[in-house]
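*Asks:* Below is one structure. I have some questions about it.
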Amino acid sequence: MSGFRTMSLRLRVFLLLVLATAVVWLSAVLWIETSTRAQVERVLDARLAEAARMVSSLVSDHRVELAAADGGAIPLPHPFRFGEGYSRQLSCQIWSLDGQLVGQSDGAPDGQLSTGDTEGWSDSVVDGEPWRVFSVVNADLGLRIMVGDSMAVRDGLVHDVIEGLVLPALILLPLLGGLIWLSVARGLAPLERLAAALAQRSPADLSPLPSGPLPREVRPVREALDGLFDRLSAARDVERDFTTYAAHELKTPLAGLRTQAQVARIAPDEATRDAALAAIETSVARTDRMVRQLLDLAEVERAEIVAAPCNPAALIAATLTDLQPLAARRGVTLRCEGPEEGSEQREWLTNGFLLATALRNVVENAVLASPEGGAVVILWSGHPGGGEITVRDSGPGIPEALRDRATDRFVRGAGGAPGGSGLGLSIVASAMERLNGTLRLDPGVPGQRVSLVLGEMRGT
């Protein structure tokens, strides 16, 4: 079966058409054989009955001289006198009602054609050969007239008809196969031209395929390929922009590092050197965060979606522990408000890595956006139909004009947090999309509310 799947489309269609043609042809032969046999039997049965009644009438009219009691043959008129090749096609026997053979036609079998006492049709075996017999009783003369023909003759007639159909077909089958092969090749020519056009294209050529008349079945393939080329072109543009933006964003802190290192080296006093070292530390932290976020973004986009039980309380606690040093340096308080004791607290069936990556970036953005003395509050709730984690900060919030583009890469507001890269929310959006969840941005009073909503959640 695997070989059939891997063979060429032309050969596959050819074999299917040949198989379908053979099935139809064999079905026609079987139908014709059955129909012909029924027609032949009906006609020959009618001939047997007609012949038997004719002989009975001739005997009654004394137009046939019966043989002596010793069983000598009687001369019979048409239809029992045939050429040599038909000497046993139709046979007649005349018996007395007390079981004596009165007469028979030339070529009739030695045994009695029918042993039954009734009139009408009967099937019998005489001398090992099957016969079809019609009997007529002439009560006035005390005779039983039997006319029969060999079933082998009937089978021969049907065989001749079928042979007349099969032999020409066997001769024509190779010609039919050649015509099917040429027809399949001609029918698949547009697809082969499309394949040749694709094979000649440069990898950098993502323009639509040339327009032109195509069969209806091939048009969806061209449209799907044009759609694929359009998506690949868009993805390539995004990757090109991403590379450009990343290079630019990395270049800025690296240039600052070099400048501050030069300042520290030639600093005339301790205060100037300390300021330069502090600036170097800030640049290193910013570069480190950007590199980490770039790695997070790449990992999120290629991570396998494998669902497993995830404890939301433990995940939030681990995130807060990881970001506590950053919050302490900025003078920001981290606080978690989960479900009350005894309420629905189930493990979520989700991808822990993607959810943890999304939550870390949201909380980190909230810490950087909050002023000194501010607070970042994490609220979460779960129920059998879903789950939600909301992060609320005390910063200025996302400007209204920027909210629609907040999840684009490298987008930062004019009043954004220092050291931000503009990648955090794009990482979150990508992770939630792969989790089949939703990222919701709502203005707070004050600050910003960012919610991670999971649509599919199960208890364990």
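*Asks:* Give just the number: which of (1) at pLDDT 75 or above; (2) of a type in the set (D, E, K, R); (3) closer than 26 Å to residue 239 by Cβ does residue 292 not satisfy?
*Replies:* Going through the list (1) at pLDDT 75 or above; (2) of a type in the set (D, E, K, R); (3) closer than 26 Å to residue 239 by Cβ, residue 292 breaks only (1).
*Asks:* Scanning region 151-188 for residues that are touching a Leu at 6+ places or on another chain (Cβ under 9 Å) and within 27 Å of residue 39 (Cα to Cα), which turns out surrounded by the fewest Cβ atoms within 10 Å (Cβ to Cβ)?
*Replies:* Per the stated criteria, the residue is 169.
*Asks:* Regarding residue 116, is this residue touching a strand residue (DSSP E or B) at 6+ places or on another chain (Cβ under 9 Å) and in contact (Cβ under 8 Å) with a residue 60 or more places away in the chain?
*Replies:* Considered against the rule, which asks whether it is touching a strand residue (DSSP E or B) at 6+ places or on another chain (Cβ under 9 Å) and in contact (Cβ under 8 Å) with a residue 60 or more places away in the chain, residue 116 comes out as no.
*Asks:* I would also like to ask the following. Go through 66, 26 for me and flag whichever is modelled with pLDDT under 85, under 15 Å from residue 141 (Cβ atoms) and among the hydrophobic types (A, V, I, L, M, F, W, C).
*Replies:* 66
*Asks:* Is at least one residue of region 131-150 within 20 Å of residue 58 (Cβ to Cβ), at pLDDT below 80 and open to solvent by 10 Å² or more (accessible area, probe 1.4 Å)?
*Replies:* Within region 131-150 (the criterion being within 20 Å of residue 58 (Cβ to Cβ), at pLDDT below 80 and open to solvent by 10 Å² or more (accessible area, probe 1.4 Å)), the answer is no, since none of the residues qualifies.
*Asks:* Then there is this: Considering 23, 43, 13, which residue is open to solvent by 60 Å² or more (accessible area, probe 1.4 Å), within 30 Å of residue 185 (Cβ to Cβ) and of a type outside the set (Lys, Arg)?
*Replies:* 23
*Asks:* Right, something else. So the check is Cβ under 6 Å with 6+ separation or different chains; which pairs have a first residue in region 121-132 that's under 22 Å from residue 53 (Cα atoms) and a second one that's among the aromatic types (Phe, Trp, Tyr)?
*Replies:* Pairs found: 121/134; 124/131.
*Asks:* Return the total of residues in region 194-218 being open to solvent by 80 Å² or more (accessible area, probe 1.4 Å) and at pLDDT 75 or above.
*Replies:* Count: 4.
The values are calculated or read from the model by the stated rules, or taken from the named source; none is laboratory data. Note that the structure is a prediction, hence the values are computed from the model and not measured. Positions of Cβ are generated from backbone atoms using ideal geometry, with glycine treated the same way; all protein chains shown enter the neighbour counts. The protein model used for the area step is the full one, side chains on, heavy atoms only, and it has no ligands, DNA or RNA in it. Shrake-Rupley method; radii C 1.70, N 1.55, O 1.52, S 1.80 Å.
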